[in-house]
Every structure is written in C-alpha cells, then in structure tokens.
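Handing you a structure now.
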Amino acid sequence: MAIVGKRSDPVRLFARRLALLALFVIVLAACSALWDVYKKEKESRILKNQAEAQLYNLDMQESHLNGEITRLETARGKEELLRENYEMAKEGENMIMIIEPPARAPIVATTTELTKWMHRLIPFW
C-alpha cells in the first residue's frame, strides 16, 4: 500500500503533468521546424525548375548563335549579311523597285435629274 500512496502524491502528479507539457512543447517546436523545412524545400524546388528552364533557354540560344556564326563564316553567309544590312547588289544585277500605285480619289456621289426633281417636289427630302 505504500507504493499506491506514492503514486498519488500531488508533487509527483504535478511533475508528470509538467513533463507532459514540456514534451508537448517540444513536439510543437519540432513540427514547426519540420513545416519550415518543407516550405523551404518546396521553394527551392520551384527555383530549381526555373533555373533549369532558364538553362535550357540559354542552351537553345547558344546553339542558335553557334549556327549563325558557322553560317556567317562562309562567303555566302557574309554576302547574305551584307545584302540584308546594306542593300548591296553584285555587278550585273539590276535593282527592281516596286512602286505602289497612287491612291484613288474617293468616289463622290453625284446628283441626278431624278433626285433634283424629288427635292423640288418634296422639299424636306
């Protein structure tokens, strides 16, 4: 019976409740830290995907530019660039100019004898 009496000791019950409260606080702190780690992992995953997309775009741009460089290193590529930028022509080539036709004058409605007669007959027409 002495053992049963010691279990119901008020100091011992208070210590147990205090220990449970401390354990609960520790679990809450661990859950909070775990949630912060989850948020940071999610954010870093998004940033990683963005960086990979940017790297892919840069690789595509680099391959395009390398293709342009190899094209411009040839004589035909240089000629195309000069023709495009400076509108140059080779000897013996003629320049063709396409001229837009002049704009037509708008058609003005003319009055006929019938409309003049109607205006004289019905003045508010």
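Condition first: assigned to a helix (DSSP H, G or I) and β-branched (Val, Ile, Thr). Now tell me which residues in segment 59-83 satisfy that. Can you show your working first?
Going through segment 59-83, the residues assigned to a helix (DSSP H, G or I) turn out to be 59-72, 75-83.
Passing the criteria: Ile69, Thr70.
May I pose another question? For segment 58-65, check the following and say yes or no: at least one residue is at pLDDT 95 or above, more than 30 Å from Arg7 (Cα to Cα), of a type in the set (S, T, N, Q) and within 40 Å of the chain's Cα centre (by Cα).
Within segment 58-65, the first condition is being at pLDDT 95 or above, and the residues that meet it are 58-65.
From the residues that got through so far, the ones that are more than 30 Å from Arg7 (Cα to Cα) too are 58-65.
Now restrict to residues that are of a type in the set (S, T, N, Q): 61, 63.
Next, from what is left, pick out any that are within 40 Å of the chain's Cα centre (by Cα): 61, 63.
Checked segment 58-65: at least one residue is at pLDDT 95 or above, more than 30 Å from Arg7 (Cα to Cα), of a type in the set (S, T, N, Q) and within 40 Å of the chain's Cα centre (by Cα).
The values are calculated or read from the model by the stated rules, or taken from the named source; none is laboratory data. All of these numbers come straight from a predicted model, not from anything done at the bench.
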